[in-house]
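Reading through the structure tokens given below for one structure.
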Amino acid sequence: MQKKGYTHIYYGDGKGKTSILNGMTIRALGYNWNVKYLRFLKNRQSGEMLFFEQINHPHLEIYDFYSSSQKFFWEMNDQEKAILKEEMRAGFATLQKLVQSDNVDLIIVDELLGCIVNGLITEEELIAVIKTKKPNIELAFSGHHITQNLIDNVDLVTNVKLIKHYFYEKIPARKGIEF
């Protein structure tokens, strides 16, 4: 267990935010840290999730909160958004409990910042979680958007910036590379 855990945000429009979180997960598991990996707004199959399932590491627990659809938020109707909100609220309640756990070293929270942008949780709720987490827990979030208020309340912020991407040339996400 660490003496001091820091809070990280990896955000931006560039590719690689989840890969950063996955790298943190692998490093922590190498030292047998207890890792909780929470997935928000993502539920499609990916190579890294298949890998984590295959290794079945005793110190890794993965939580998926989005099971009602495979649509992106902007593709959903109001009823689908309401169901998604319930799922995200359940996930956020899990996060609130985990940050108080005595048996957690690292909490990875993929795509939580999108829940704020889409009105599924509030920025104030997230800041409360950050401020009240047990001091030894390392906490890392990802997403596309950030505010100055969030920056002011965390220890590390990295902007993953898009410079060029073949997606804009109509190349779809590729198995083994993007998922």
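The values are calculated or read from the model by the stated rules, or taken from the named source; none is laboratory data. The structure presented is a predicted model; accordingly, all values stated were derived computationally and were not measured. Note that each Cβ is placed from the backbone with ideal geometry, even for glycine, and that neighbours are counted across all protein chains shown. Just the protein is used for accessible areas: all its heavy atoms, side chains included, with ligands, DNA and RNA removed. Shrake-Rupley method; radii C 1.70, N 1.55, O 1.52, S 1.80 Å.
Taken over region 127-177, the residue count meeting the criterion of being in contact with a helix residue (DSSP H, G or I) (Cβ under 8 Å, 6 or more places away or on another chain), under 16 Å from VAL109 (Cβ atoms) and free of Cβ contacts under 8 Å to residues at least 12 places away in the same chain is 0. Restricted to helices (runs of 4 or more DSSP H) entirely inside region 69-179, no element has at least 3 residues that are among the small types (Gly, Ala, Ser), touching a Cys at 6+ places or on another chain (Cβ under 6 Å) and open to solvent by 30 Å² or more (accessible area, probe 1.4 Å). The single condition from (1) surrounded by 14 or more Cβ atoms within 10 Å (Cβ to Cβ); (2) within 21 Å of ALA173 (Cβ to Cβ); (3) more than 17 Å from the chain's Cα centre (by Cα) that GLU53 fails is (1).
As for region 65-76, it holds at least one residue that is at pLDDT below 95 and under 13 Å from the mean Cα position of the chain (by Cα).
Per this entry, LYS131 is counted among residues that are at pLDDT 95 or above, of a type outside the set (Gly, Ala, Ser) and on the phi < 0 side of the Ramachandran plot. Under the condition of being within 13 Å of the chain's Cα centre (by Cα) and crowded, with 18+ Cβ neighbours inside 10 Å, which residue from region 33-48 is farthest from PHE65 (Cα to Cα)? Among those that are within 13 Å of the chain's Cα centre (by Cα) and crowded, with 18+ Cβ neighbours inside 10 Å, it is VAL35.
Which one is least open to solvent (accessible area, probe 1.4 Å), of the residues in region 1-23 that are in contact (Cβ under 8 Å) with a residue 12 or more places away in the chain and over 25 Å from ILE121 (Cα atoms)? My answer is GLN2.
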